[in-house]
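The values are calculated or read from the model by the stated rules, or taken from the named source; none is laboratory data. For clarity, every value in this text was computed on a predicted model and none was experimentally measured. Reconstructed Cβ throughout: ideal geometry from the backbone, glycine too, with neighbour counts over all protein chains shown.
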Ligand SMILES: Cc1cc2nc3c(=O)[nH]c(=O)nc-3n(C[C@H](O)[C@H](O)[C@H](O)COP(=O)(O)OP(=O)(O)OC[C@H]3O[C@@H](n4cnc5c(N)ncnc54)[C@H](O)[C@@H]3O)c2cc1C
(Lines give C-alpha, C1' and ligand atoms only; values in the text may rest on other atoms or scores of the structure.)
Protein backbone atom coordinates (compact mmCIF):
# COMPACT_ATOMS: atom_id res chain seq x y z
CA UNK A 1 0.00 0.00 0.00
CA UNK A 2 1.36 3.42 -0.98
CA UNK A 3 2.08 5.71 1.94
CA UNK A 4 1.90 9.51 1.96
CA UNK A 5 2.38 12.28 4.47
CA UNK A 6 -0.97 13.74 3.41
CA UNK A 7 -3.97 12.16 1.68
CA UNK A 8 -6.42 14.82 0.48
CA UNK A 9 -9.99 13.60 -0.10
CA UNK A 10 -11.77 15.85 -2.61
CA UNK A 11 -10.12 17.97 -5.27
CA UNK A 12 -12.19 21.12 -5.52
CA UNK A 13 -10.97 24.44 -4.14
CA UNK A 14 -10.24 23.53 -0.52
CA UNK A 15 -8.62 20.22 -1.53
CA UNK A 16 -6.37 21.67 -4.21
CA UNK A 17 -5.22 24.45 -1.88
CA UNK A 18 -4.45 21.87 0.83
CA UNK A 19 -2.49 19.76 -1.69
CA UNK A 20 -0.54 22.76 -3.01
CA UNK A 21 0.20 24.10 0.45
CA UNK A 22 1.38 20.70 1.79
CA UNK A 23 3.38 19.78 -1.34
CA UNK A 24 5.23 23.09 -1.49
CA UNK A 25 6.39 22.45 2.07
CA UNK A 26 8.03 19.24 0.92
CA UNK A 27 5.38 16.74 2.10
CA UNK A 28 4.37 13.77 -0.04
CA UNK A 29 0.74 14.30 -1.07
CA UNK A 30 -1.94 12.43 -2.97
CA UNK A 31 -5.11 14.21 -4.08
CA UNK A 32 -8.14 11.97 -4.64
CA UNK A 33 -11.17 13.22 -6.56
CA UNK A 34 -14.19 11.21 -7.65
CA UNK A 35 -14.89 13.41 -10.69
CA UNK A 36 -13.21 12.24 -13.87
CA UNK A 37 -12.21 15.77 -14.87
CA UNK A 38 -11.28 18.42 -12.30
CA UNK A 39 -13.56 21.44 -12.40
CA UNK A 40 -16.47 19.63 -14.04
CA UNK A 41 -19.90 20.03 -12.39
CA UNK A 42 -19.15 22.96 -10.12
CA UNK A 43 -22.21 23.71 -7.98
CA UNK A 44 -21.66 27.36 -7.15
CA UNK A 45 -22.71 30.89 -8.13
CA UNK A 46 -18.98 31.77 -8.04
CA UNK A 47 -19.13 35.12 -6.24
CA UNK A 48 -16.15 36.22 -4.13
CA UNK A 49 -14.96 39.56 -2.81
CA UNK A 50 -11.89 40.90 -4.57
CA UNK A 51 -10.08 41.26 -1.26
CA UNK A 52 -10.61 37.55 -0.47
CA UNK A 53 -9.53 36.50 -3.95
CA UNK A 54 -6.37 38.63 -3.85
CA UNK A 55 -5.44 37.27 -0.43
CA UNK A 56 -4.53 34.10 -2.37
CA UNK A 57 -3.99 34.94 -6.02
CA UNK A 58 -2.80 37.52 -8.51
CA UNK A 59 -5.47 38.62 -10.94
CA UNK A 60 -5.91 35.85 -13.50
CA UNK A 61 -8.37 36.76 -16.29
CA UNK A 62 -8.90 33.05 -17.04
CA UNK A 63 -10.41 32.61 -13.59
CA UNK A 64 -12.70 35.64 -13.65
CA UNK A 65 -15.96 35.93 -15.62
CA UNK A 66 -17.01 39.41 -14.49
CA UNK A 67 -16.09 42.14 -12.05
CA UNK A 68 -18.78 43.35 -9.69
CA UNK A 69 -19.02 47.11 -9.28
CA UNK A 70 -22.57 47.34 -7.98
CA UNK A 71 -24.83 45.35 -5.70
CA UNK A 72 -28.61 45.72 -5.95
CA UNK A 73 -30.66 44.73 -2.92
CA UNK A 74 -34.40 44.07 -3.07
CA UNK A 75 -36.94 43.97 -0.24
CA UNK A 76 -39.86 41.49 -0.23
CA UNK A 77 -42.17 44.20 -1.56
CA UNK A 78 -39.80 44.63 -4.52
CA UNK A 79 -38.19 47.93 -3.55
CA UNK A 80 -34.62 48.04 -4.81
CA UNK A 81 -31.50 49.94 -3.79
CA UNK A 82 -28.32 49.99 -5.83
CA UNK A 83 -25.05 50.27 -3.92
CA UNK A 84 -21.89 51.23 -5.73
CA UNK A 85 -19.07 48.85 -4.89
CA UNK A 86 -16.31 49.62 -7.40
CA UNK A 87 -13.84 46.76 -7.52
CA UNK A 88 -15.54 44.90 -4.67
CA UNK A 89 -16.20 41.52 -6.20
CA UNK A 90 -15.59 38.93 -8.87
CA UNK A 91 -17.74 36.23 -10.37
CA UNK A 92 -15.26 33.46 -10.96
CA UNK A 93 -14.88 30.89 -13.72
CA UNK A 94 -14.36 28.02 -11.29
CA UNK A 95 -14.34 25.37 -14.00
CA UNK A 96 -11.09 26.80 -15.35
CA UNK A 97 -9.71 27.86 -11.97
CA UNK A 98 -10.03 24.36 -10.49
CA UNK A 99 -8.39 22.78 -13.49
CA UNK A 100 -5.50 25.24 -13.25
CA UNK A 101 -5.20 24.59 -9.50
CA UNK A 102 -4.76 20.89 -10.31
CA UNK A 103 -1.92 21.78 -12.64
CA UNK A 104 -0.30 23.92 -9.92
CA UNK A 105 -0.69 21.06 -7.40
CA UNK A 106 1.03 18.71 -9.87
CA UNK A 107 3.83 21.21 -10.45
CA UNK A 108 4.39 21.43 -6.68
CA UNK A 109 4.83 17.67 -6.59
CA UNK A 110 1.44 16.31 -5.48
CA UNK A 111 0.26 13.04 -6.98
CA UNK A 112 -3.16 13.49 -8.58
CA UNK A 113 -5.83 10.84 -9.00
CA UNK A 114 -9.09 11.75 -10.75
CA UNK A 115 -12.06 9.42 -11.08
CA UNK A 116 -11.18 7.84 -7.72
CA UNK A 117 -13.90 7.72 -5.08
CA UNK A 118 -12.98 7.41 -1.41
CA UNK A 119 -15.11 4.69 0.19
CA UNK A 120 -13.85 4.47 3.76
CA UNK A 121 -11.40 5.98 6.23
CA UNK A 122 -9.75 3.54 8.62
CA UNK A 123 -9.20 3.88 12.37
CA UNK A 124 -6.21 5.83 13.71
CA UNK A 125 -3.34 3.34 14.06
CA UNK A 126 -1.12 5.60 16.16
CA UNK A 127 0.78 6.90 13.10
CA UNK A 128 -1.86 7.52 10.46
CA UNK A 129 -4.94 6.15 8.70
CA UNK A 130 -5.76 3.83 5.84
CA UNK A 131 -7.95 5.28 3.10
CA UNK A 132 -10.02 2.84 1.04
CA UNK A 133 -10.77 4.00 -2.49
CA UNK A 134 -12.44 2.64 -5.61
CA UNK A 135 -8.88 2.10 -6.89
CA UNK A 136 -7.31 0.32 -3.91
CA UNK A 137 -5.93 1.54 -0.59
CA UNK A 138 -3.51 4.29 0.38
CA UNK A 139 -2.23 5.28 3.81
CA UNK A 140 -1.66 8.80 5.10
CA UNK A 141 -0.09 10.31 8.20
CA UNK A 142 -2.79 12.97 7.85
CA UNK A 143 -6.06 12.74 5.95
CA UNK A 144 -7.44 16.10 4.87
CA UNK A 145 -11.21 15.89 4.37
CA UNK A 146 -12.00 18.34 1.57
CA UNK A 147 -14.97 16.33 0.37
CA UNK A 148 -17.72 18.91 0.66
CA UNK A 149 -20.90 19.21 2.69
CA UNK A 150 -21.65 15.49 2.82
CA UNK A 151 -18.08 14.72 3.84
CA UNK A 152 -17.49 11.00 4.13
CA UNK A 153 -14.23 11.83 5.93
CA UNK A 154 -16.14 13.78 8.60
CA UNK A 155 -18.73 11.05 9.08
CA UNK A 156 -16.31 8.12 9.13
CA UNK A 157 -14.01 9.77 11.67
CA UNK A 158 -16.76 10.92 14.05
CA UNK A 159 -16.25 14.65 13.50
CA UNK A 160 -19.67 15.01 11.88
CA UNK A 161 -22.84 13.27 13.06
CA UNK A 162 -24.89 13.86 9.93
CA UNK A 163 -26.58 16.69 8.09
CA UNK A 164 -29.85 17.84 9.62
CA UNK A 165 -32.50 20.40 8.63
CA UNK A 166 -31.48 23.84 9.84
CA UNK A 167 -27.76 23.09 9.47
CA UNK A 168 -27.65 23.96 5.78
CA UNK A 169 -29.31 25.85 2.98
CA UNK A 170 -30.84 23.96 0.09
CA UNK A 171 -30.11 25.79 -3.15
CA UNK A 172 -31.23 25.65 -6.73
CA UNK A 173 -30.03 27.83 -9.57
CA UNK A 174 -30.25 28.17 -13.32
CA UNK A 175 -27.53 29.26 -15.64
CA UNK A 176 -29.76 31.56 -17.65
CA UNK A 177 -30.00 34.42 -20.07
CA UNK A 178 -31.98 37.64 -19.77
CA UNK A 179 -31.06 41.00 -21.34
CA UNK A 180 -31.58 42.73 -17.96
CA UNK A 181 -28.73 40.79 -16.30
CA UNK A 182 -26.14 43.53 -16.00
CA UNK A 183 -22.53 42.51 -16.43
CA UNK A 184 -21.17 44.26 -13.32
CA UNK A 185 -24.14 44.02 -10.93
CA UNK A 186 -24.90 41.33 -8.37
CA UNK A 187 -28.48 41.18 -7.13
CA UNK A 188 -29.72 39.90 -3.78
CA UNK A 189 -33.47 39.50 -3.16
CA UNK A 190 -35.37 38.85 0.07
CA UNK A 191 -38.87 37.44 -0.19
CA UNK A 192 -41.23 34.56 0.47
CA UNK A 193 -39.63 32.56 -2.36
CA UNK A 194 -36.53 32.12 -0.15
CA UNK A 195 -37.53 31.40 3.46
CA UNK A 196 -34.51 31.94 5.74
CA UNK A 197 -32.34 32.62 2.70
CA UNK A 198 -32.34 34.83 -0.38
CA UNK A 199 -32.50 34.92 -4.13
CA UNK A 200 -29.55 35.96 -6.29
CA UNK A 201 -28.60 37.02 -9.79
CA UNK A 202 -24.84 36.77 -10.34
CA UNK A 203 -23.74 37.88 -13.82
CA UNK A 204 -21.42 35.87 -16.03
CA UNK A 205 -21.39 38.43 -18.87
CA UNK A 206 -23.35 39.19 -22.06
CA UNK A 207 -26.75 38.79 -20.34
CA UNK A 208 -25.90 35.35 -18.92
CA UNK A 209 -25.73 34.60 -15.22
CA UNK A 210 -26.64 32.44 -12.26
CA UNK A 211 -30.22 32.95 -11.09
CA UNK A 212 -30.93 31.05 -7.91
CA UNK A 213 -32.36 30.75 -4.44
CA UNK A 214 -31.02 29.43 -1.14
CA UNK A 215 -33.54 28.31 1.45
CA UNK A 216 -32.94 27.42 5.08
CA UNK A 217 -33.82 23.76 5.44
CA UNK A 218 -35.48 24.34 8.82
CA UNK A 219 -37.92 26.80 7.21
CA UNK A 220 -38.35 25.30 3.78
CA UNK A 221 -41.88 24.47 2.84
CA UNK A 222 -42.71 23.53 -0.70
CA UNK A 223 -40.75 22.51 -3.67
CA UNK A 224 -37.48 24.32 -4.49
CA UNK A 225 -38.29 24.40 -8.20
CA UNK A 226 -41.63 26.11 -7.50
CA UNK A 227 -39.95 28.64 -5.22
CA UNK A 228 -37.31 29.39 -7.85
CA UNK A 229 -40.04 29.69 -10.48
CA UNK A 230 -41.78 32.21 -8.23
CA UNK A 231 -38.56 34.22 -7.83
CA UNK A 232 -38.00 34.23 -11.59
CA UNK A 233 -41.59 35.24 -12.27
CA UNK A 234 -41.24 38.14 -9.85
CA UNK A 235 -37.85 39.36 -11.04
CA UNK A 236 -37.89 38.60 -14.76
CA UNK A 237 -41.27 37.37 -15.89
CA UNK A 238 -39.66 34.97 -18.31
CA UNK A 239 -36.10 33.79 -18.68
CA UNK A 240 -34.09 31.59 -21.04
CA UNK A 241 -32.78 28.63 -19.03
CA UNK A 242 -29.55 27.03 -20.21
CA UNK A 243 -29.02 24.44 -17.44
CA UNK A 244 -29.75 23.74 -13.78
CA UNK A 245 -27.47 23.24 -10.78
CA UNK A 246 -27.69 23.37 -7.00
CA UNK A 247 -26.77 21.62 -3.78
CA UNK A 248 -26.42 22.11 -0.05
CA UNK A 249 -24.46 24.88 1.64
CA UNK A 250 -23.49 24.47 5.32
CA UNK A 251 -24.70 27.29 7.55
CA UNK A 252 -23.88 25.89 11.00
CA UNK A 253 -20.23 25.70 12.04
CA UNK A 254 -18.71 22.63 13.68
CA UNK A 255 -17.12 23.04 17.11
CA UNK A 256 -14.09 20.99 16.16
CA UNK A 257 -12.57 20.17 12.78
CA UNK A 258 -9.68 17.91 13.80
CA UNK A 259 -9.12 14.53 15.37
CA UNK A 260 -6.30 11.93 15.32
CA UNK A 261 -4.81 12.12 11.82
CA UNK A 262 -7.67 14.16 10.32
CA UNK A 263 -8.35 17.78 9.39
CA UNK A 264 -11.62 18.88 7.79
CA UNK A 265 -11.49 21.89 5.47
CA UNK A 266 -13.94 23.92 3.38
CA UNK A 267 -17.56 22.73 3.34
CA UNK A 268 -16.50 19.39 4.88
CA UNK A 269 -15.57 21.37 8.01
CA UNK A 270 -18.66 23.59 7.56
CA UNK A 271 -16.63 26.73 7.15
CA UNK A 272 -19.09 28.55 4.84
CA UNK A 273 -20.42 31.84 6.20
CA UNK A 274 -23.62 30.97 8.11
CA UNK A 275 -25.69 33.96 7.07
CA UNK A 276 -24.84 34.03 3.36
CA UNK A 277 -23.67 30.49 2.57
CA UNK A 278 -20.60 31.97 0.85
CA UNK A 279 -17.90 29.34 1.23
CA UNK A 280 -15.22 29.92 -1.40
CA UNK A 281 -12.92 32.21 0.59
CA UNK A 282 -12.99 30.05 3.74
CA UNK A 283 -12.49 26.91 1.64
CA UNK A 284 -9.34 28.45 0.18
CA UNK A 285 -8.18 29.71 3.58
CA UNK A 286 -8.71 26.45 5.47
CA UNK A 287 -7.21 24.36 2.65
CA UNK A 288 -4.05 26.43 2.77
CA UNK A 289 -3.99 26.38 6.57
CA UNK A 290 -4.30 22.58 6.60
CA UNK A 291 -1.12 22.26 4.50
CA UNK A 292 0.76 24.61 6.81
CA UNK A 293 -0.38 22.80 9.95
CA UNK A 294 0.36 19.38 8.43
CA UNK A 295 3.93 20.42 7.76
CA UNK A 296 4.50 21.81 11.26
CA UNK A 297 2.87 18.89 13.05
CA UNK A 298 4.54 16.10 11.10
CA UNK A 299 7.96 17.51 11.95
CA UNK A 300 7.21 16.78 15.61
CA UNK A 301 5.85 13.25 15.19
CA UNK A 302 2.49 11.54 14.67
CA UNK A 303 -0.44 13.85 13.96
CA UNK A 304 -2.37 13.22 17.15
CA UNK A 305 -5.63 15.04 17.86
CA UNK A 306 -3.78 17.15 20.43
CA UNK A 307 -1.12 18.26 17.95
CA UNK A 308 -3.63 18.90 15.13
CA UNK A 309 -5.81 21.03 17.41
CA UNK A 310 -3.57 23.98 16.48
CA UNK A 311 -5.60 24.05 13.25
CA UNK A 312 -8.79 24.75 15.25
CA UNK A 313 -6.97 27.24 17.48
CA UNK A 314 -5.54 29.20 14.53
CA UNK A 315 -8.88 29.27 12.77
CA UNK A 316 -10.57 30.55 15.94
CA UNK A 317 -7.86 33.13 16.54
CA UNK A 318 -8.25 34.58 13.01
CA UNK A 319 -11.94 34.03 12.29
CA UNK A 320 -13.64 32.75 15.46
CA UNK A 321 -15.20 36.09 16.37
CA UNK A 322 -16.59 36.58 12.87
CA UNK A 323 -17.89 33.05 12.72
CA UNK A 324 -19.80 33.58 15.96
CA UNK A 325 -21.15 36.90 14.72
CA UNK A 326 -22.33 35.45 11.45
CA UNK A 327 -24.02 32.63 13.28
CA UNK A 328 -25.87 35.13 15.46
CA UNK A 329 -26.77 37.17 12.37
CA UNK A 330 -28.12 33.98 10.81
CA UNK A 331 -30.31 33.31 13.84
CA UNK A 332 -31.70 36.83 13.64
CA UNK A 333 -32.15 36.57 9.88
CA UNK A 334 -34.00 33.28 10.26
CA UNK A 335 -36.59 34.84 12.54
CA UNK A 336 -37.15 37.99 10.51
CA UNK A 337 -40.56 38.54 8.98
CA UNK A 338 -41.27 40.40 5.74
CA UNK A 339 -41.89 43.62 7.69
CA UNK A 340 -38.46 43.25 9.37
CA UNK A 341 -36.87 42.93 5.93
CA UNK A 342 -38.58 46.16 4.89
CA UNK A 343 -36.98 47.85 7.94
CA UNK A 344 -33.63 46.27 7.09
CA UNK A 345 -33.99 47.60 3.56
CA UNK A 346 -34.58 51.16 4.89
CA UNK A 347 -31.52 50.89 7.17
CA UNK A 348 -29.28 49.60 4.36
CA UNK A 349 -30.52 52.29 1.99
CA UNK A 350 -29.80 55.01 4.56
CA UNK A 351 -26.36 53.61 5.40
CA UNK A 352 -25.03 52.74 1.95
CA UNK A 353 -26.96 54.43 -0.88
CA UNK A 354 -24.93 57.05 -2.76
CA UNK A 355 -21.66 55.96 -1.12
CA UNK A 356 -18.86 54.16 -2.89
CA UNK A 357 -17.94 51.00 -1.06
CA UNK A 358 -14.61 49.80 -2.34
CA UNK A 359 -14.11 46.86 -0.03
CA UNK A 360 -17.09 44.95 1.22
CA UNK A 361 -16.77 43.30 4.62
CA UNK A 362 -20.05 41.52 5.35
CA UNK A 363 -19.03 41.23 9.00
CA UNK A 364 -18.70 45.00 9.41
CA UNK A 365 -21.86 45.58 7.38
CA UNK A 366 -23.92 43.32 9.66
CA UNK A 367 -22.48 45.07 12.70
CA UNK A 368 -23.32 48.51 11.32
CA UNK A 369 -26.82 47.46 10.31
CA UNK A 370 -27.62 46.05 13.74
CA UNK A 371 -26.22 49.10 15.49
CA UNK A 372 -28.15 51.45 13.19
CA UNK A 373 -31.48 49.76 13.73
CA UNK A 374 -32.94 49.72 17.24
CA UNK A 375 -35.67 47.43 15.95
CA UNK A 376 -33.30 44.81 14.53
CA UNK A 377 -30.98 45.08 17.51
CA UNK A 378 -33.93 44.57 19.85
CA UNK A 379 -35.05 41.59 17.81
CA UNK A 380 -31.52 40.20 18.02
CA UNK A 381 -31.24 40.71 21.76
CA UNK A 382 -34.64 39.15 22.33
CA UNK A 383 -33.64 36.10 20.35
CA UNK A 384 -30.25 35.77 21.91
CA UNK A 385 -31.12 36.37 25.52
CA UNK A 386 -28.05 37.17 27.52
CA UNK A 387 -25.57 37.52 24.65
CA UNK A 388 -23.56 40.71 25.20
CA UNK A 389 -21.29 40.72 22.17
CA UNK A 390 -23.32 43.20 20.14
C1 LIG B 1 -25.77 26.64 -5.74
C2 LIG B 1 -24.62 27.13 -4.89
C3 LIG B 1 -24.17 28.43 -5.05
C4 LIG B 1 -23.07 28.89 -4.30
N5 LIG B 1 -22.62 30.14 -4.51
C6 LIG B 1 -21.55 30.59 -3.84
C7 LIG B 1 -21.01 31.89 -4.10
O8 LIG B 1 -21.47 32.61 -4.96
N9 LIG B 1 -19.94 32.29 -3.37
C10 LIG B 1 -19.37 31.50 -2.40
O11 LIG B 1 -18.41 31.95 -1.74
N12 LIG B 1 -19.84 30.26 -2.15
C13 LIG B 1 -20.90 29.79 -2.84
N14 LIG B 1 -21.36 28.51 -2.63
C15 LIG B 1 -20.63 27.66 -1.66
C16 LIG B 1 -19.34 27.14 -2.30
O17 LIG B 1 -19.63 26.57 -3.56
C18 LIG B 1 -18.69 26.11 -1.38
O19 LIG B 1 -18.52 26.67 -0.11
C20 LIG B 1 -17.34 25.65 -1.93
O21 LIG B 1 -17.48 25.03 -3.18
C22 LIG B 1 -16.68 24.69 -0.96
O23 LIG B 1 -15.53 24.16 -1.56
P24 LIG B 1 -14.92 22.78 -1.05
O25 LIG B 1 -13.67 22.57 -1.81
O26 LIG B 1 -14.85 22.77 0.42
O27 LIG B 1 -16.03 21.69 -1.40
P28 LIG B 1 -16.69 21.30 -2.79
O29 LIG B 1 -16.58 22.39 -3.79
O30 LIG B 1 -18.05 20.77 -2.46
O31 LIG B 1 -15.79 20.09 -3.32
C32 LIG B 1 -15.79 18.81 -2.73
C33 LIG B 1 -15.06 17.90 -3.69
O34 LIG B 1 -14.92 16.62 -3.08
C35 LIG B 1 -15.23 15.62 -4.02
N36 LIG B 1 -15.67 14.44 -3.26
C37 LIG B 1 -16.74 14.36 -2.43
N38 LIG B 1 -16.81 13.12 -1.89
C39 LIG B 1 -15.76 12.41 -2.40
C40 LIG B 1 -15.31 11.07 -2.21
N41 LIG B 1 -15.95 10.22 -1.41
N42 LIG B 1 -14.21 10.68 -2.89
C43 LIG B 1 -13.54 11.55 -3.71
N44 LIG B 1 -13.94 12.81 -3.93
C45 LIG B 1 -15.03 13.25 -3.28
C46 LIG B 1 -16.34 16.24 -4.88
O47 LIG B 1 -16.48 15.62 -6.13
C48 LIG B 1 -15.86 17.69 -4.99
O49 LIG B 1 -15.01 17.90 -6.08
C50 LIG B 1 -22.44 28.03 -3.36
C51 LIG B 1 -22.90 26.72 -3.19
C52 LIG B 1 -23.97 26.27 -3.96
C53 LIG B 1 -24.44 24.84 -3.80
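Of 31, 17, all but one fail to be surrounded by 23 or more Cβ atoms within 10 Å (Cβ to Cβ), under 28 Å from residue 293 (Cα atoms), near the ligand (Cβ under 9 Å from one of its atoms) and under 23 Å from the mean Cα position of the chain (by Cα); the exception is 17.
Of note, residue 278 does not satisfy the criterion of being touching a strand residue (DSSP E or B) at 6+ places or on another chain (Cβ under 9 Å), within 11 Å of the ligand (Cβ to nearest atom) and outside the structural domain of residue 142 (by TED's automatic domain parsing). Each residue in segment 249-280 was checked for being under 29 Å from residue 201 (Cβ atoms), surrounded by fewer than 22 Cβ atoms within 10 Å (Cβ to Cβ) and at pLDDT 95 or above, and 0 pass. Per this entry, residue 65 is not counted among residues that are more than 20 Å from the chain's Cα centre (by Cα) and either in a strand (DSSP E or B) or more than 18 Å from residue 287 (Cα to Cα) (or both).
Against the condition at negative phi, within 13 Å of the ligand (Cβ to nearest atom), in contact with a strand residue (DSSP E or B) (Cβ under 6 Å, 6 or more places away or on another chain) and outside the structural domain of residue 142 (by TED's automatic domain parsing), how does residue 187 come out, does it pass?
So residue 187 passes the test.
Taking the stated definitions as given, is residue 330 at pLDDT below 95, within 16 Å of the ligand (Cβ to nearest atom) and more than 19 Å from residue 51 (Cα to Cα)? So residue 330 passes the test. For segment 162-175, the tally of residues that are surrounded by fewer than 16 Cβ atoms within 10 Å (Cβ to Cβ) and in contact with a helix residue (DSSP H, G or I) (Cβ under 8 Å, 6 or more places away or on another chain) stands at 1.
Listed here are the residues, each with its yes/no results for (1) buried (at least 21 other Cβ atoms within 10 Å of the Cβ); (2) assigned to a loop (DSSP other than H, G, I, E, B); (3) touching a residue at least 24 places away in the same chain (Cβ under 8 Å).
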position	(1), (2), (3)
130	no, no, yes
142	yes, no, yes
150	no, yes, yes
154	yes, no, yes
159	yes, yes, yes
180	no, yes, yes
